[in-house]
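Heads up, the thing below is written out as structure tokens.
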Amino acid sequence: MSSLRVSAPLLDAYLSYFESNRTPFTIPGHKQRASRLDHDLGSVVDSDTPLYGGLDEIKLTNQTLKKAEALAATLWGADYARFSTGGSTHANQAIVLALGKPGDKVALSRTAHRSILSALVLAGLEPIWLAPEIDEATGVPIGINVKEFEKIIDQKPIALLLTEPGYLGTISDLSPIVKSAHSHSIPVIVDAAWGGHFGFSDSTPQHCLQIGADALITSVHKTLPGYSASALLLAQGELLNLDRIEQSFETTHTTSPAGAPLASIDGCRALLQLRGDELITQLISNVNIFKAKVQSHFDAPIFLNTSDFAPGRFDPAKIVLRANQLGASGVDIEKALQSAFIRVEMADRDTVVFLATLADSKEEFDALADALVPILTSLQSTPRPTATSLSWSVVPTVGISMREAYFAETEMVPAKDCVGRISADLIAPYPPGVAVIAPGEILTSTILDGLAATKAAGVRIAYATDSSLLRYRTVKN
Ligand SMILES: Cc1ncc(COP(=O)(O)O)c(C=O)c1O
């Protein structure tokens, strides 16, 4: 048995299930025998087993999940840990539902993911928006300044919700913000969906619990090698009510969690515990070599680099290509890479984001560099000045509360008549899934023109009722 399996009870339970004799008269209905009915269906479902009756007995007699979650809590230094099969989306909802009561206010970064905004609607909490600082040289948001938070403390937020690292890898100066929030007994909850690899090596920033935050949510399937939609919720009990979090978690989670995502979270935890430092150091070294190799063909700096930001304020594993520096379209770069069977995480006019993880080898980075250099060389033209994308630069104007707008009577209005109308939709270029307009906010010409231009540049605009953007769903006058 591998040392990883020995130290990962849920992973071991998953593997043991398939190694044992079994005649299930339980869900799931495929019984791991669907290939008898159809080979292709079987290829998809026959490796599936759930928590109940799979990784544990139907009555959870062995407490396998609890044991694995306790190991995760210990590794991250948390009082409480839960494994979710519903992504950071679910974990964000669970924690936001546990914070207060309808009408309470929370302070949050405008770069929050849409899952946080929908959680506010569910919980009836009202946002106090915090604008991210924008780095002049690169045009990217570099997080929330403590002064931005302190400006709104007199509005009495019951919690501060941050997104760290941001989608482009930058990180707020967390320590002063956490100190300031705690001096007012305000808990700091960090959506660290993209920061699961932080805190295990000197070559990355610390994770937010190490800096004193009260909760950390991360997607184990993003920067860690976990199963799709696996996520981890970690919390401290001093300022947060852990019983309420537990209740909210169960209220919003499926009652039939799949075993593979759960086992993968446990396996990732064990991997970080046993080999985190070695693997993360190797990853950062591979990323640095890759960037230097590609950069050597061009004069202007074409990647975001750790040296562009204050120490500890950028994720060194993040690969963000600045297409504007080459005068190329990020969307054209994406298309050319697709022809070489390479998919990227995100591309808009000025930016391409590549996700690099512990699962990438030096050979994959070399192959990416070999494919990318000729594409960039052929697409480069006159560099464009640094611009800040719509997702990071919107200043919202609130018309009515988000929850009120969500449940209001609505009507579809042609785009040309929408200036001044209240949006009923949350609309976000995806990725990064950051709202350009949220329910209850007023549609302005900057927003309408910006969304149309972003769509025309080849970016997917998500969640608009009319995805052509010819009409918008607005609150009825
Ligand atoms: C900052 C942030 N939070 C939460 C999520 C949701 O994560 P998941 O896809 O695991 O539900 C995302 C997804 O991209 C994200 O970028």
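The values are calculated or read from the model by the stated rules, or taken from the named source; none is laboratory data. This one's a predicted model, so the numbers in the text were calculated from it and none came from an experiment. Cβ placement follows ideal geometry from the backbone for every residue including glycine, while neighbour counts extend to all protein chains displayed.
Kindly indicate whether residue 316 is touching a Lys or Arg at 6+ places or on another chain (Cβ under 9 Å) and part of a loop (DSSP other than H, G, I, E, B). Write out each step before concluding.
Working: touching a Lys or Arg at 6+ places or on another chain (Cβ under 9 Å): no; part of a loop (DSSP other than H, G, I, E, B): yes.
The answer is no for residue 316.
Restrict the check to segment 417-437 and report whether at least one residue is modelled with pLDDT of 95 or more, touching a Leu at 6+ places or on another chain (Cβ under 7 Å) and of a type in the set (S, T, N, Q).
There is at least one residue in segment 417-437 that is modelled with pLDDT of 95 or more, touching a Leu at 6+ places or on another chain (Cβ under 7 Å) and of a type in the set (S, T, N, Q).
Determine whether segment 235-258 contains at least one residue that is in a strand (DSSP E or B), under 18 Å from the mean Cα position of the chain (by Cα) and hydrophobic (A, V, I, L, M, F, W, C).
Checking segment 235-258: at least one residue is in a strand (DSSP E or B), under 18 Å from the mean Cα position of the chain (by Cα) and hydrophobic (A, V, I, L, M, F, W, C).
Going through segment 319-344 one residue at a time, which ones are under 14 Å from residue 302 (Cβ atoms) and part of a helix (DSSP H, G or I)?
Matches in segment 319-344: 323, 324, 325, 326, 330, 333.
Looking only at segment 436-454, filter to residues that are in contact with a helix residue (DSSP H, G or I) (Cβ under 6 Å, 6 or more places away or on another chain) and part of a loop (DSSP other than H, G, I, E, B); which one of those is farthest from the ligand (Cβ to nearest atom)?
So the residue we want is 440.
Taking the residues in segment 288-310 that are surrounded by fewer than 16 Cβ atoms within 10 Å (Cβ to Cβ), among the hydrophobic types (A, V, I, L, M, F, W, C) and touching a residue at least 40 places away in the same chain (Cβ under 8 Å) as candidates, determine which candidate is nearest to residue 324 (Cα to Cα).
Applying the filter and picking the extreme gives 300.
Could you look through segment 345-356, keep only residues that are part of a strand (DSSP E or B) and in contact with a strand residue (DSSP E or B) (Cβ under 7 Å, 6 or more places away or on another chain), and pick out the one that is nearest to residue 368 (Cα to Cα)?
First, the residues of segment 345-356 that are part of a strand (DSSP E or B): 346-347, 351-354.
Keeping just the survivors that are in contact with a strand residue (DSSP E or B) (Cβ under 7 Å, 6 or more places away or on another chain) gives 346, 351-354.
Working: 346: 15, 351: 17, 352: 13, 353: 13, 354: 10 Å.
Only one residue fits best here, namely 354.
Mind listing just one residue for me: the one in segment 77-101 that is within 18 Å of residue 222 (Cβ to Cβ) and part of a strand (DSSP E or B) and, of those, nearest to the ligand (Cβ to nearest atom)?
84
Report yes if residue 139 is closer than 20 Å to residue 435 by Cα and away from the ligand (no atom under 16 Å from the Cβ), otherwise no. Write out each step before concluding.
Numbers: closer than 20 Å to residue 435 by Cα: yes; away from the ligand (no atom under 16 Å from the Cβ): yes.
Criteria met by residue 139.
Quick one: count up the residues across segment 114-130 that are among the β-branched types (Val, Ile, Thr), in contact with a strand residue (DSSP E or B) (Cβ under 8 Å, 6 or more places away or on another chain) and either more than 11 Å from the ligand (Cβ to nearest atom) or on the phi > 0 side of the Ramachandran plot (or both). Let's see the steps before the verdict.
Narrowing segment 114-130 to residues among the β-branched types (Val, Ile, Thr): 116, 121, 128.
Retained after the next criterion (residues that are in contact with a strand residue (DSSP E or B) (Cβ under 8 Å, 6 or more places away or on another chain)): 116, 128.
Keeping just the survivors that are either more than 11 Å from the ligand (Cβ to nearest atom) or on the phi > 0 side of the Ramachandran plot (or both) gives 128.
Of the residues in that region, 1 qualify.
Based on what the data block shows, is residue 111 assigned to a loop (DSSP other than H, G, I, E, B), among the polar types (S, T, N, Q) and either under 30 Å from residue 275 (Cβ atoms) or within 16 Å of the ligand (Cβ to nearest atom) (or both)?
On the way: assigned to a loop (DSSP other than H, G, I, E, B): yes; among the polar types (S, T, N, Q): yes; either under 30 Å from residue 275 (Cβ atoms) or within 16 Å of the ligand (Cβ to nearest atom) (or both): yes.
Against the criterion (assigned to a loop (DSSP other than H, G, I, E, B), among the polar types (S, T, N, Q) and either under 30 Å from residue 275 (Cβ atoms) or within 16 Å of the ligand (Cβ to nearest atom) (or both)), residue 111 qualifies.
Just need a number here: residues in segment 71-93 that are out of contact with any Leu (no Cβ under 8 Å at 6 or more places or on another chain) and not aliphatic (A, V, I, L, M).
Looking only at that region, the number is 7.
Results for (1) over 30 Å from residue 124 (Cβ atoms); (2) surrounded by 23 or more Cβ atoms within 10 Å (Cβ to Cβ); (3) within 30 Å of the chain's Cα centre (by Cα), shown as yes or no for each residue.
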site	(1), (2), (3)
7	yes, no, yes
14	yes, yes, yes
18	yes, no, no
27	yes, no, no
53	yes, no, no
95	no, yes, yes
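Just for segment 455-477: of the residues that are more than 16 Å from the ligand (Cβ to nearest atom) and charged (D, E, K, R), which one is surrounded by the fewest Cβ atoms within 10 Å (Cβ to Cβ)?
476
Can you confirm whether segment 303-318 contains a residue that is under 16 Å from residue 374 (Cα atoms) and at pLDDT 95 or above?
Applying the first criterion (under 16 Å from residue 374 (Cα atoms)) to segment 303-318 yields none.
Checked against the condition, which is being under 16 Å from residue 374 (Cα atoms) and at pLDDT 95 or above, segment 303-318 yields no hits at all.
Go over the candidates 383, 396 one by one and state the one that is assigned to a loop (DSSP other than H, G, I, E, B), away from the ligand (no atom under 16 Å from the Cβ) and modelled with pLDDT of 95 or more. Write out each step before concluding.
On the way: 396 fails: modelled with pLDDT of 95 or more.
When all the criteria are applied, what remains is 383.
Kindly provide the set of residues from segment 214-239 that are more than 13 Å from the ligand (Cβ to nearest atom) and out of contact with any helix residue (DSSP H, G or I) (no Cβ under 8 Å at 6 or more places or on another chain), ordered by number.
Result: 214, 236, 237, 238.
Suppose the filter is within 13 Å of the ligand (Cβ to nearest atom) and either assigned to a loop (DSSP other than H, G, I, E, B) or among the aromatic types (Phe, Trp, Tyr) (or both); does residue 161 pass it? I'd like the intermediate steps shown before the answer.
Working: within 13 Å of the ligand (Cβ to nearest atom): yes; either assigned to a loop (DSSP other than H, G, I, E, B) or among the aromatic types (Phe, Trp, Tyr) (or both): no.
Against the criterion (within 13 Å of the ligand (Cβ to nearest atom) and either assigned to a loop (DSSP other than H, G, I, E, B) or among the aromatic types (Phe, Trp, Tyr) (or both)), residue 161 does not qualify.
Return only the number of the condition from (1) within 16 Å of the ligand (Cβ to nearest atom); (2) assigned to a loop (DSSP other than H, G, I, E, B); (3) crowded, with 20+ Cβ neighbours inside 10 Å; (4) not β-branched (Val, Ile, Thr) that residue 391 does not satisfy.
With (1) within 16 Å of the ligand (Cβ to nearest atom); (2) assigned to a loop (DSSP other than H, G, I, E, B); (3) crowded, with 20+ Cβ neighbours inside 10 Å; (4) not β-branched (Val, Ile, Thr) applied to residue 391, the lone miss is (2).
Considering each residue of segment 340-379, count those that are in contact with a His (Cβ under 9 Å, 6 or more places away or on another chain) and surrounded by 18 or more Cβ atoms within 10 Å (Cβ to Cβ), and give that number.
2
Could you list all residues from segment 182-213 that are in contact with a helix residue (DSSP H, G or I) (Cβ under 7 Å, 6 or more places away or on another chain) and not in a loop (DSSP other than H, G, I, E, B)?
Within segment 182-213, 188, 189, 191 qualify.
On the given criteria, is residue 337 farther than 30 Å from residue 443 by Cβ, modelled with pLDDT of 95 or more, crowded, with 19+ Cβ neighbours inside 10 Å and not β-branched (Val, Ile, Thr)? Reasoning before the result, please.
On the way: farther than 30 Å from residue 443 by Cβ: yes; modelled with pLDDT of 95 or more: yes; crowded, with 19+ Cβ neighbours inside 10 Å: yes; not β-branched (Val, Ile, Thr): yes.
Criteria met by residue 337.
With the condition kept exactly as written, say whether any residue in segment 189-198 is more than 15 Å from the ligand (Cβ to nearest atom) and modelled with pLDDT of 95 or more. Step through it out loud before you land on a result.
Of the residues in segment 189-198, the ones more than 15 Å from the ligand (Cβ to nearest atom) are none.
So far as segment 189-198 goes, no, none of its residues is more than 15 Å from the ligand (Cβ to nearest atom) and modelled with pLDDT of 95 or more.
For segment 126-141, does any single residue satisfy the condition of being modelled with pLDDT of 95 or more and assigned to a helix (DSSP H, G or I)?
No, the conditions are met nowhere in segment 126-141.
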